[in-house]
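Notes follow the structure.
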Amino acid sequence: MKNNNTAVIHRLIRRNLKANRKRNFFLVAAIALTTLLLGSIFSIGFSILDSVKMEQLRLSGTTAHAAVGRPTASQLEQLKQLPYVKSVGTGYQVADIRNTPEMGGAYLFLHFFDKTDWEQFRAPANTDIMGDYPQAEDEIMASRGALDLLGIHEPVVGMEIPLSYCPGGEENDLQNKTFRLSGWFTSYSLMTQTDSLLVSEAFAEKFEASREKYLAADILFVEEKQVSEYFERLKLDLDIPADQAAAVSQSNERGEEAQVPMLLALGAVAVFFILTGYLLIYNVLYISVSRDVRFYGLLKTLGTTPKQLKRLVVGQILRLCMIGIPIGASAAFLFSVIAIPAAIGAWKFVSTGAVLSFSPIIYFGAAAFALCTSLLGAFLPAKKAAEVSPVEAQKFTGISRPHLHRPAHGKPYKMALRNIFRNRKRAAVVLLSLFLGITAFTAVTTLAYSMGVDQYIDSLYQNDFVLYDQSLFSDQPAQPFDDSFMEQIAALPGLESCHTLLQEYMQLGYSPEEFGEYAESRLEKLYEGKEAFTEEDIRKSFIGFLVGIDGMELTELQSAADQKIDISAFDRGEIALIATDNPAYFPRVSQLHVTPMELSTDGENPSHGTEVQIPFGGFAPQSLESDGSLAPTIVVSKSFLSSLYHSPAIREIRIDVADGYEKQALEALKQISGNNSAIRRVSKIEAVSVMSGARTVMLVLGGGAALLLAFVGILNFINVMSMDITVRKMELAILESIGMEKRKVRRMLLFEGLGYAVMTLLLSATLGNGAVYGIFTLFKLQVDYATFTYPILPVGLVFLMIFTVCLIVPEIIYRSIAKATLIERLREKE
Amino acid sequence: MVLAMTICLAALCCVLSVFLSWRYIQKTYAAIDTIFDSILAQKAGLSFETELDSRLSKLTHKAIKIVQMNSADVVQLGQEKQTIQSLLSDMSHQMKTPLSSISMYIDLLLEGNLSSGEQREFFTRIKAGTEKLGWLMDSLIKMSRLEVGAIELAPVPAGIKQTISDSISMVLAAAAKKNISIQAEPFMDTPLLHDRKWTVEAMANVLENAVKYSEANSKICISVEALPLYTKINFTDHGVGIAPEEWNSIFKRFYRGKNVKMTDGAGLGLYLASLILEKQGGYILVDSEPNKDTTFSMFLQNCKK
Amino acid sequence: MVRALDGVNLTVETGEFVAVVGQSGSGKSTLLHMLGGLDQPTSGYVVVEGHELNGMSDEQLTIFRRRNIGFVFQNYNLVPILNVYENIVLPIELDGNTIDTDFVSEIVNTLGLDGKRGNFPNELSGGQQQRVAIARALATKPSILLADEPTGNLDSKTSQDVLGVLKLTSTQFHQTIIMITHNEQIAQLADRIIHIEDGKMIREGCGRR
């Protein structure tokens, strides 16, 4: 049975805490800082993970793990029985909405989800849900995107929406009905072009044909981690034939691997924080224990066992943790609430809005790690206290190695150097913590500086403005870029250049040898392997886009790529290019057989022109590609394209304006395009403002954290210096009494501070900058547009600060002890 | 299923903890039993480790202390017996000399053929012998009573001035004979914890010595000095003095100073004085420079405020 | 190798008041450290009330000290963060024993510390601090009270006070005391006086009895 003697140790802990307020402040600050930094890091990490997860969820539009198309009644029944299936929801597309011109190229459907499907799978993937899922036959629910397309920007529950629709997609069965809006929501689904209007079961029931055609079962498995295994079992258990569609939801295909480097970096930063926290706590406690050696020796003399002494030291740090950790944790919480959404949003980790993680693991984790750090920091000091020799402790005066040989003649700087390394361990701790702080600061500022907005924007945007015709892909192209529009563009203030890109449909001659591989990859991407295509099918639907561009502009775009293109031949219309970044798909292409197509006004029965043959001349950048077609996008000169089509459509207009005119031009463009929903605008200057926000956030957050680290280093320095000089009070008084002038003593102390500063400078200039470059290299893997920029000004300022502190602190402390007269100081004991 | 397993596990834990507790209690009782056995057997050698931070170790340590206290009591009793024995032998030794001289003078007187002057001389010597015997007997009885604890001193708060003047009056006659003046420096009369009757005795003994070993026409000074816990009463004379080697010995029973062998005395006065002071929580110290001055300092406890 | 102590053979009986007298550097402090289990002899052995100190671990020695030894040092060595009463009962509490309040009160009374229970060491005079130290050493009823120059830092008046207290504990509590001093006059009070010079016992003189 253990001895019942803990009460007295608790009293000693309490009293000792009371007697060391300054030290406690340092320790609580260190513990709180460590907790704050760790909590923030964990919070950022968790929030990124959660945000990414949520983004995947929202983008896929469902929380279901898998889906089975056209399930039979028996399959459905079976599904519900399977032990590894948690829940099953069903839904089907009831009818196609008949497009109106204002809707651009968007497709809208009337869709029905059963209760399970909506409540469990769909609703969680959408936000801002207002109202309820339709109950009555004429009720309807819609996403904000769909409502926008319908021209409704301010929805009201119960408002009437007249729609014409074709049940089951049958064109000839057009029906009209006026629905009442029962609710709306914001959806992030990738298929914004094919948004759904949700209808009630009462309505959907009437369309049995649609149900047969489109019914799909959404499935949620019991365990998220084994989705693909369960899916394989499901296919076997349900006996799903090859022609029945069944797929795993997209969001479960992409893991969290993409975030691994980011999480690793955060982990490294956390380790870094732990290290600095450890150093500070260790140092403060170690100095405190060394100073109180007599006290611990006395306690040991009186019969305090080594174990009790350890408990005494560790107990103090535990009590300080009880104050420091909650402070740090609440600070971290505040930090999370205020800064993290901004940071995640600004860093563009996710597109669907940041999710702030409040997982208790963050705070418990931070607290646990901070506690471990503190205990680790207390370990060696506690050991020192426990191993104190009572006899030695009685003789202790605080000076570890007396060195009073000829001090009066010693050069101050020599004595200073000796003093610095008198206690090597202490010097190492101070240098290390100063070094870590500065290196962290340099690293963060380097990253922020390297992530220059200009480099980034230039890498993303070649032109000041780009206008896109969004309706180009719809059945009824709006052709917003007509002649009058072009005239207005030409009148833009400060216009430097204006290039148009033409685009039309075409049918491309298909042969499996030339395009087989590519077609397969496209089919996989477009239909997710849900539908089987024969070679003849592919040949018929090998339709794509023909893009026309000026040779000169192509040269500009091409400059990034390596391949050399015969531009003059291109301009003359003698060669055509394939727009791709993946030339490996087209190893055997030599001639391209292009048949121009024109869509009729009703979007059906395209008329084919005569096929032309044009030699393949190389590859164009992927940015020219028009996605969404089976055939690759073929790039030809504008004149060549114009010769093939009656009046080729303008896909995009690339506009450059003179420096300084960007804002005016932007205003003018806004007026010109008005609220024509067919025109999409991308402008560099709008992007710049978003990006510089991101950089500011990074600078403020990262720089703040780094400054805290530097602050920790400085705290450590102040702590060591003040303890050192106080302990050496007597020694300094002796030095003065044997003839060393006050001036010389002060010079000596000054040199000591300077010594620390210079050594820190040297260390961070060599090792530190090496580490910073290493970190940058890692960073560049994530952010490839970063260019190494050394933040000379901030680093210089920090160094100046460190020099100032190193020079001022010894002086201030010396002054505080030198107030007393020499005699008083000599007489004073302890 | 899960519930059943939880219940089973909980039951198992209960059984296990009950079993372990039972074993622990058994072991503890066995250990306590062993400890009591060794106390009863008066054996200090216990097999348990006494330098552990545990309850059992503490218990063992206390048991050993009890045994040792017992044996210490036995030893002390023996020592007291020895004290009485040595006292008795000392007494008989001390009485032998005057008794034998008395009987010698009586024999001489019985033989007769002595001049009347001689007879007178012998009678005076016999008288002196019996007087000395009487005084010796007196001292010895006091001493033995004090030593064995037959008399309990009752220190009560009482003014020190009266005590000092009482003791001075006891040696006044002897001092007057040698024309020695006894002077007390002025001091505040403070109540001190002491038994007046016996303290007067102790002071008188010290003063008697001072008078005895001082030259004629010299001075004896008495001063009183208050310390935080004690009050110090100094008796300073200018006699032969005591060498530092002898400082401790002079307080021993029947010890006679090397340089005062010639002077009459039994070596009991200082012994008695130190005994009396010790018995009332005080003590006596000596400081001396031979042939210059000698100070005996008596320390009596102040009254608690 | 410097021998701090050489061939010292010393036996102290229960209840004895022994003074060890020697000049500074004579090895008397080393002797006391060894008796108190603060230091281990390179050869020879120390036995206190049947406890053989040789070969004990740091922890064992510490526990031995708190159960058997009371220390009084020249520089008082009170725990600055505890008040007088807490200082006195510290060794008792360190061993987890219940405080014998009557006994502690008796000590506190005897040593004239009654009004100072709640004071902190830095509020006391040297003599008072030393009396607290003596009270602390007595509180556990130790086998031996070791006093290392107990009056070394005190003026002659307070020295005599403290000395009286030591003597009192010897007679009143039958406490075994070993006191180290360089002052012959102070040594007078002991039952036995031992002289040490250059680590050797040169003379063992009897005290008053």
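Yes/no per residue for (1) assigned to a strand (DSSP E or B); (2) free of Cβ contacts under 8 Å to residues at least 12 places away in the same chain; (3) of a type in the set (A, V, I, L, M, F, W, C):
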{"residue": "A:R58", "(1), (2), (3)": "no, no, no"}
{"residue": "A:L76", "(1), (2), (3)": "no, no, yes"}
{"residue": "A:P83", "(1), (2), (3)": "no, no, no"}
{"residue": "A:V94", "(1), (2), (3)": "yes, no, yes"}
{"residue": "A:I129", "(1), (2), (3)": "yes, no, yes"}
{"residue": "A:H153", "(1), (2), (3)": "no, yes, no"}
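If I ask for residues that are surrounded by 16 or more Cβ atoms within 10 Å (Cβ to Cβ), of a type outside the set (A, V, I, L, M, F, W, C) and modelled with pLDDT under 85, which ones from the stretch B:147-188 would you list?
B:E147
I want to confirm something. Restricting to the stretch A:296-344 and keeping residues that are polar (S, T, N, Q) and within 14 Å of another protein chain (Cβ to nearest Cβ), which single residue is surrounded by the most Cβ atoms within 10 Å (Cβ to Cβ)?
Ranking the candidates gives A:T304 first.
Quick one: which residue in A:L318, A:L298, A:L236 is of a type in the set (A, V, I, L, M, F, W, C) and over 30 Å from C:P121 (Cβ atoms)?
It is A:L236.
Pull up the stretch A:366-400, narrow it to residues that are touching a Lys or Arg at 6+ places or on another chain (Cβ under 6 Å) and at pLDDT below 80, then point me to the one that is surrounded by the most Cβ atoms within 10 Å (Cβ to Cβ).
Checking each candidate, the answer is A:A393.
If we keep just the residues of the stretch C:105-142 that are among the hydroxyl-bearing types (S, T, Y) and within 12 Å of chain B (Cβ to nearest Cβ), which is farthest from the chain's Cα centre (by Cα)?
C:S125
Can you find a residue that is surrounded by fewer than 20 Cβ atoms within 10 Å (Cβ to Cβ), more than 30 Å from A:A216 (Cβ to Cβ) and more than 14 Å from every other protein chain (Cβ to nearest Cβ) anywhere in the stretch A:47-57?
So far as the stretch A:47-57 goes, no, none of its residues is surrounded by fewer than 20 Cβ atoms within 10 Å (Cβ to Cβ), more than 30 Å from A:A216 (Cβ to Cβ) and more than 14 Å from every other protein chain (Cβ to nearest Cβ).
Inside the stretch A:14-46, can you point out the residues that are surrounded by fewer than 21 Cβ atoms within 10 Å (Cβ to Cβ) and either away from chain C (no Cβ under 14 Å) or in contact with a strand residue (DSSP E or B) (Cβ under 8 Å, 6 or more places away or on another chain) (or both)?
A:K22, A:F25, A:V28, A:A29
Per-residue answers, yes or no, for (1) more than 18 Å from A:L12 (Cβ to Cβ); (2) buried (at least 21 other Cβ atoms within 10 Å of the Cβ); (3) at the interface with chain A (Cβ under 9 Å from one of its Cβ atoms):
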{"residue": "C:G27", "(1), (2), (3)": "yes, yes, no"}
{"residue": "C:V46", "(1), (2), (3)": "yes, no, no"}
{"residue": "C:H51", "(1), (2), (3)": "yes, no, no"}
{"residue": "C:N54", "(1), (2), (3)": "yes, no, no"}
{"residue": "C:V72", "(1), (2), (3)": "yes, yes, no"}
{"residue": "C:I92", "(1), (2), (3)": "no, yes, yes"}
{"residue": "C:T98", "(1), (2), (3)": "yes, no, no"}
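With C:G37, C:G27 as the choices, which residue is in contact (Cβ under 8 Å) with a residue 40 or more places away in the chain and small (G, A, S)?
Only one candidate passes the filter, namely C:G27.
Say whether the condition of being at pLDDT 75 or above, exposed (fewer than 14 other Cβ atoms within 10 Å of the Cβ) and among the aliphatic types (A, V, I, L, M) is met by at least one residue in the stretch A:545-555.
Scanning the stretch A:545-555 turns up at least one residue that is at pLDDT 75 or above, exposed (fewer than 14 other Cβ atoms within 10 Å of the Cβ) and among the aliphatic types (A, V, I, L, M).
Among the residues of the stretch C:174-202 satisfying the criterion of being buried (at least 19 other Cβ atoms within 10 Å of the Cβ) and assigned to a loop (DSSP other than H, G, I, E, B), which is farthest from the other protein chains (Cβ to nearest Cβ)?
Among residues in the stretch C:174-202 that are buried (at least 19 other Cβ atoms within 10 Å of the Cβ) and assigned to a loop (DSSP other than H, G, I, E, B), the one farthest from the other protein chains (Cβ to nearest Cβ) is C:G199.
Quick one: would you say B:S54 is within 12 Å of chain C (Cβ to nearest Cβ) and touching a strand residue (DSSP E or B) at 6+ places or on another chain (Cβ under 7 Å)?
Spelling it out, B:S54 is indeed within 12 Å of chain C (Cβ to nearest Cβ) and touching a strand residue (DSSP E or B) at 6+ places or on another chain (Cβ under 7 Å).
Does the stretch B:70-84 include one or more residues that are in contact with a helix residue (DSSP H, G or I) (Cβ under 9 Å, 6 or more places away or on another chain), closer than 21 Å to C:E49 by Cβ, surrounded by 10 or more Cβ atoms within 10 Å (Cβ to Cβ) and within 12 Å of another protein chain (Cβ to nearest Cβ)?
Checking the stretch B:70-84: at least one residue is in contact with a helix residue (DSSP H, G or I) (Cβ under 9 Å, 6 or more places away or on another chain), closer than 21 Å to C:E49 by Cβ, surrounded by 10 or more Cβ atoms within 10 Å (Cβ to Cβ) and within 12 Å of another protein chain (Cβ to nearest Cβ).
Condition test on A:R144, is it under 28 Å from A:Q470 (Cα atoms) and in contact (Cβ under 8 Å) with a residue 12 or more places away in the chain?
Answer is yes for this residue.
Return the residues of the stretch C:56-70 that are buried (at least 20 other Cβ atoms within 10 Å of the Cβ) and either within 16 Å of the chain's Cα centre (by Cα) or more than 7 Å from chain A (Cβ to nearest Cβ) (or both); say none if nothing qualifies.
C:Q60, C:L61, C:T62, C:F64, C:R65, C:R66, C:R67, C:N68, C:I69, C:G70
For B:N113, indicate whether it is free of Cβ contacts under 8 Å to residues at least 60 places away in the same chain and away from every other protein chain (no Cβ under 14 Å).
Against the criterion (free of Cβ contacts under 8 Å to residues at least 60 places away in the same chain and away from every other protein chain (no Cβ under 14 Å)), B:N113 qualifies.
Limited to the stretch B:207-246, what total is found for residues that are part of a loop (DSSP other than H, G, I, E, B) and within 14 Å of chain C (Cβ to nearest Cβ)?
Matching residues across the stretch B:207-246 total 5.
Taking the stretch A:737-783 only, how many residues are of a type in the set (G, A, S), in a loop (DSSP other than H, G, I, E, B) and without any contact (Cβ under 8 Å) to a residue 24 or more places away in the chain?
Total satisfying the criteria: 0.
Answer yes or no as to whether B:L87 is within 14 Å of chain A (Cβ to nearest Cβ), in contact with a Ser or Thr (Cβ under 8 Å, 6 or more places away or on another chain), surrounded by 16 or more Cβ atoms within 10 Å (Cβ to Cβ) and modelled with pLDDT under 85.
Here the answer is no, as B:L87 does not meet what is asked.
Would you check which residues across the stretch B:123-146 are polar (S, T, N, Q) and modelled with pLDDT of 80 or more and list them?
B:T124, B:T130
Of the residues C:T151, C:T158, only one is surrounded by fewer than 22 Cβ atoms within 10 Å (Cβ to Cβ), on the phi < 0 side of the Ramachandran plot and either more than 14 Å from chain A (Cβ to nearest Cβ) or part of a loop (DSSP other than H, G, I, E, B) (or both); which?
Answer to the check: C:T158.
What tally of residues in the stretch A:271-295 results from selecting those that are aliphatic (A, V, I, L, M) and within 14 Å of chain C (Cβ to nearest Cβ)?
Matching residues across the stretch A:271-295 total 1.
Residue under question is A:A771, and the condition is that it be crowded, with 16+ Cβ neighbours inside 10 Å and either on the phi > 0 side of the Ramachandran plot or at pLDDT below 75 (or both); does it hold?
Answer is no for this residue.
The values are calculated or read from the model by the stated rules, or taken from the named source; none is laboratory data. Note that this is a predicted model, so its numbers are computed, not measured. Cβ atoms come from the backbone with ideal geometry, glycine included; neighbour counts cover every protein chain shown.
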